[in-house]
Each structure stands twice: as structure tokens, then as C-alpha cells.
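Remarks on the structure that follows.
The values are calculated or read from the model by the stated rules, or taken from the named source; none is laboratory data. Keep in mind it's a predicted model, so treat the numbers as computed, not measured. Note that each Cβ is placed from the backbone with ideal geometry, even for glycine, and that neighbours are counted across all protein chains shown. Note: areas computed on protein heavy atoms with side chains; ligands, DNA, RNA excluded. Shrake-Rupley method; radii C 1.70, N 1.55, O 1.52, S 1.80 Å.
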Amino acid sequence: MRFLIVIVVATALRSALADVDLPLIDIKSVDPTIVIELRYSSLNNLIGHALYSPGTPALVRPEVAQHLAAAQLFLRRYQCGLKIWDAYRPRSVQMRLWQAAHNNDHFADPAAGAGSMHSWGVAVDATLTDAWNNSVSMPTDFDDLTPAAMWRYQGADPAIRTHLRLLQRAMARAGFYGLRTEWWHFTIADWQKYLPPDEAKRAAQVLGTSWRGKL
């Protein structure tokens with residue numbers, strides 16, 4: 001059984017890297033305590049069906065993985081941890097999301113600018129868990145495209161506000177910044193250095209040099 005699991009994971013890893021020429025690593029290889037629940041590997045997502053192969057690992061740039069490990073270390077002080085809902089996202093998947101959502105205010109057009117920062121391995125979608133890896137209350141579920149998902153949650157539940165601020169503080173200290181319309185989305189602050197110069201320039205022109213980008 002263990003041998004079969006290794007085969008499945010290796011096959012999924014090869015599949016995930018099939019259409020990309022980026023230096024990506026599995027987040028689990030840097031910090032195995034980070035919980036991975038790739039929503040696009042299941043039916044529990046905006047599209048309603050899986051967009052990744054079963055067993056697909058959560059991949060990011062090596063430096064991004066190190067920053068995630070730093071965020072995890074900070075959260076452990078508060079008996080919490082990270083859960084990753086999405087990491088590297090192939091452009092083919094980004095195109096399917098963009099076409100299906102019909103909402104250009106949330107999903108980046110993969111043909112415009114540099115596309116999604118997920119497709120460059122420099123962004124993750126993350127939430128919090130408790131000390132036992134259970135999900136905690138947050139403003140919304142993943143890919144909730146309503147005003148409740150805004151970065152500055154102002155709802156009535158103090159526990160949700162506390163959880164959200166803790167996640168934001170951990171990610172900011174680790175070198176990430178968030179996105180105004182999706183509380184779960186985080187991009188490494190120095191994202192531009194990971195893109196080819198021409199792509200970084202296009203992204204800056206389309207999105208602004210401070211990057212107010214999309215999913």
C-alpha cells in the first residue's frame with residue numbers, strides 16, 4: 001500500500017509539472033506540518049468538479065515555501081497553523097477558471113499581463129487551522145466571491161475577526177501581502193523578481209507596480 005501511495009504521488013507530481021518550466025517544490029518537503037487541501041483536486045470548489053489530478057501536491061517556488069514555513073512557525077505560538085487551499089496553478093487551469101467564473105473582477109485573464117500570480121508559483125490561498133489541524137471560523141469559505149470575502153472583514157463575530165487578523169499578521173511577517181477582495185489570497189512581496197523582466201513589466205503596467213492583482 002505504501003508503495004502504491006508513492007507511485008500515485010510521483011505520478012501526480014509529474015503531471016503537475018508537465019506544462020511548466022519553473023523551479024517548484026512541494027510545500028510539504030519544506031514543512032510537513034502545513035495542512036494541504038487543494039480544493040481544485042476535489043468537487044468542493046467554485047466549478048463543482050476537480051481541475052487537478054488526485055494526489056496533486058501543493059507546489060511553489062522554493063523561497064515561497066521557506067516563507068510559508070516562517071508563517072507556520074509564527075502561528076504555532078498561538079496554537080494555530082496554515083492550511084493551503086491552492087498554490088501553483090497551471091495556466092490551463094487558470095483559463096478554465098476564468099472562463100467558468102465570468103467574473104473578471106476576481107479571476108485574472110491568463111492572456112492579459114502576467115496572468116495569475118498562482119501560475120508563477122508565487123501565490124497561495126491559505127486559511128487557518130487549530131492545534132489539531134481542524135478548520136477554524138473565517139469570514140467565508142474558499143472562492144466566495146461576495147463582499148463578505150473582503151480583506152477588511154467587519155462582521156459581527158469577534159472570533160472570526162481574531163482568526164483573520166492572526167492569519168494576516170502571520171503572512172505579513174513572513175513576507176506576503178494580501179488581496180483586497182479575497183482574504184485567503186497571499187502573494188510573496190517581491191514577486192517581480194520571480195518573473196522574466198518582460199512579464200514583470202507587463203504585469204506592472206496592467207496591475208500597477210504595487211500589484212493589486214487577481215486570483
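Descriptive notes on the structure:
- Taken as a whole, the stretch 127-136 holds at least one residue that is under 13 Å from the mean Cα position of the chain (by Cα), hydroxyl-bearing (Ser, Thr, Tyr) and on the phi < 0 side of the Ramachandran plot.
- Being closer than 19 Å to Thr181 by Cβ and either open to solvent by 10 Å² or more (accessible area, probe 1.4 Å) or of a type outside the set (Val, Ile, Thr) (or both) is a property that Ile36 lacks.
- Long-range neighbours under 7 Å by Cβ, at least six apart or interchain, first residue free of Cβ contacts under 8 Å to residues at least 24 places away in the same chain within the stretch 47-58, second surrounded by 14 or more Cβ atoms within 10 Å (Cβ to Cβ) and outside any loop (DSSP other than H, G, I, E, B): Ala50/Tyr40; Ala50/Ser41
- Note on the stretch 27-64: residues that are within 14 Å of Asp86 (Cβ to Cβ) and either touching a Gly at 6+ places or on another chain (Cβ under 6 Å) or charged (D, E, K, R) (or both) total 3.
- First in the stretch 147-176 and under 16 Å from Ile84 (Cα atoms), second anywhere and surrounded by fewer than 14 Cβ atoms within 10 Å (Cβ to Cβ) and charged (D, E, K, R), Cβ under 6 Å, 6 or more apart: none
Yes/no per residue for (1) of a type in the set (Gly, Ala, Ser); (2) touching a Lys or Arg at 6+ places or on another chain (Cβ under 7 Å); (3) surrounded by fewer than 19 Cβ atoms within 10 Å (Cβ to Cβ):
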site	(1), (2), (3)
Leu73	no, no, yes
Ala87	yes, no, no
Pro90	no, no, no
Val93	no, no, no
Trp120	no, no, no
